[in-house]
Amino acid sequence: MRRDKVSFVPLVPGQIGMYVCGPTTYAPAHVGHAFSAISFDTVRRSLKFLGWDVKYVRNVTDIDDKIIKRAHETNQDPLAMSARFAAEYNRDMARFNVLPPTIEPKVTEHIAEIIQIVERLIANGKAYVVEGDVYYEVSTFPPYGRLSGKHLEDLRAGERIAIDERKRSPPDFALWKSAKPGEPSWDSPWGKGRPGWHIECSAMTVKHLGPTFDLHAGGQDLIFPHHENEIAQSQGADGEGTFARYWMHNGFLNFAGEKMSKSLGNVFNADQIADAVGGEALRFFCVQHRYSSPVEFDVETVEGGVRFRSLEEADRRLSKFYKTLQRIDLLVGQGGDAGEGAVVPGADTLIPRSREALADDFNSPVVIALLGETMKLANQLLDEGKGIDKQVRRRSLARIGRELRLVGEAVGILLAAPQTYLTERRERLVRTNKIEVAAVQGKLAERTAARAAKDFARADAIRVELTAMGVELLDTPAGTDWQVID
Ligand SMILES: [Zn+2]
């Protein structure tokens, strides 16, 4: 397997088949799930931006050991519980502007396909049956370990602890598990049971994308053994297909250098983050990093909870972007027609430069930098515009506004109406900074009255009082608005 950069040529011109290993739905989605979903949603959106049609398949593991364990511990029906978490997962991901997949296959809806592929593996001499369980015999697949760079000999020697006596060799893995009493189960040629974890992805990829498809993605932690096992299963069953032509793995999310883990207590739910800083801020923070890079995530414990400082900073930057868009919209109208004709230098270069960056292994951090540069140019035009022809200035801003939205969409940001985003952000900051809205509104009314009575000294004094309360006034053509100082 090559780990260097290669030029990408899809199997079918103009179309890309992409498979992403999705969640095992036994608990609410955490921030790591959100990062993975955002990373590959950015890849998908970028591919679309670059002119490709993407068939995006992301599975749901809705039955497995963890689901059964959690359901039993909490006295729930495993399948009802996993269906509920699967629906919650999609609701949560939508808060980060993650698009729904084209197809979202579930294990429980693919049992027949899974049984067929296990039967083919047995027929091909790649798998064996032991008392109702079926195992993949890894030694029958010589390329095993190529993706992860592991050697079969080391794997055989390494797993001395808790060896299942019924396996022929330690690296062999379960394709089918016989049912224990009280577990959900399906009929099979080997008795009642359920699929092992890895086999579902082999069954689902071939069904929805064919034996060979373009892109397979997932978290770095899935390279071994999950993706290694998928290759062994798919190639072992099919013999012909290459399976995935390109692999993509997203980087780990680290907390102060530590990997996120339940035992370290640094697992945060996705919806908790979206409530605290807004879903789009997490998205923004995520696309500031390339999908394959590790990401450092900081959390500060404060009285009564936690603060996500780097996400707050992302939210601050994003709010500046939205304010600029709002100013452009006020001048030229949302989606204002740029029309043909001259624009100022830099007003029509965001799209080609972003295309170049995204075509270079999805370099989204460069796109964020380009968005920042273009916002700066927009603000200069909005602030001054002196010496520039009125029509050229207007046309340039309309062009910039359109390009900002198109490029934003390519990385999944700037999709909201600026007013909606800014209002929601103010509500969040009001909560975080414990600002009393009624008191602010009282002061605003008092100031309006003072101004009407031409008592400007009092009006100015009220502005100072509001500043002390953490509130800044914005006098706009539409009247006086306010924002939280942050
Ligand atoms: Zn998978």
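Quick check on my filter: what residues within the range 217-246 are more than 30 Å from Gly182 (Cβ to Cβ), in contact with a helix residue (DSSP H, G or I) (Cβ under 7 Å, 6 or more places away or on another chain) and within 13 Å of the ligand (Cβ to nearest atom)?
Answer for the range 217-246, where residues must be more than 30 Å from Gly182 (Cβ to Cβ), in contact with a helix residue (DSSP H, G or I) (Cβ under 7 Å, 6 or more places away or on another chain) and within 13 Å of the ligand (Cβ to nearest atom): Ala217, Gly218, Gly219, Ala232, Ser234, Phe243.
Failed condition for Leu474, given (1) surrounded by fewer than 14 Cβ atoms within 10 Å (Cβ to Cβ); (2) under 21 Å from Arg316 (Cβ atoms); (3) modelled with pLDDT of 95 or more, with all others met?
Leu474 satisfies every listed condition except (3).
Looking for whichever is under 30 Å from Phe362 (Cα atoms), assigned to a loop (DSSP other than H, G, I, E, B) and open to solvent by less than 60 Å² (accessible area, probe 1.4 Å) here; the options are Asn90, Asn97. Which one fits?
Asn97
Scan the range 354-410 residue by residue and report those that are closer than 22 Å to Asn250 by Cβ and among the hydroxyl-bearing types (Ser, Thr, Tyr).
Within the range 354-410, Ser354, Ser364 meet the criteria.
What number of residues in the range 184-210 are open to solvent by 10 Å² or more (accessible area, probe 1.4 Å), hydroxyl-bearing (Ser, Thr, Tyr) and either closer than 15 Å to Tyr56 by Cβ or in contact (Cβ under 8 Å) with a residue 40 or more places away in the chain (or both)?
Residues in the range 184-210 being open to solvent by 10 Å² or more (accessible area, probe 1.4 Å), hydroxyl-bearing (Ser, Thr, Tyr) and either closer than 15 Å to Tyr56 by Cβ or in contact (Cβ under 8 Å) with a residue 40 or more places away in the chain (or both): 1 in total.
From Val138, Val43, Val60, Val31, grab the single residue that is open to solvent by less than 10 Å² (accessible area, probe 1.4 Å) and modelled with pLDDT under 95.
None of the other options fit; the residue is Val31.
Could you tell me whether Asp154 is surrounded by fewer than 12 Cβ atoms within 10 Å (Cβ to Cβ) and without any contact (Cβ under 8 Å) to a residue 12 or more places away in the chain?
Yes, satisfied.
Select from the range 376-425 the residues that are more than 29 Å from the chain's Cα centre (by Cα), exposed (fewer than 14 other Cβ atoms within 10 Å of the Cβ) and not in a loop (DSSP other than H, G, I, E, B) and list them in ascending order.
Passing the criteria: Gln380, Asp383, Lys390, Gln391.
Scan the range 340-356 residue by residue and report those that are assigned to a helix (DSSP H, G or I) and either among the charged types (D, E, K, R) or buried (at least 20 other Cβ atoms within 10 Å of the Cβ) (or both).
Leu350, Arg353, Ser354, Arg355, Glu356
Taking the conditions exactly as written (in a helix (DSSP H, G or I), more than 38 Å from the chain's Cα centre (by Cα) and at pLDDT 95 or above), does Ala457 satisfy them or not?
The answer is yes for Ala457.
The values are calculated or read from the model by the stated rules, or taken from the named source; none is laboratory data. Just so we're clear, the structure is a prediction, and the values are computed from it rather than from any experiment. As a convention, Cβ positions derive from the backbone with ideal geometry for all residues, glycine included, and neighbour counts pool all protein chains shown. Ligands, DNA and RNA are stripped out before the accessible areas are found, and what is left, the full protein with its side chains, is counted by its heavy atoms. Shrake-Rupley method; radii C 1.70, N 1.55, O 1.52, S 1.80 Å.
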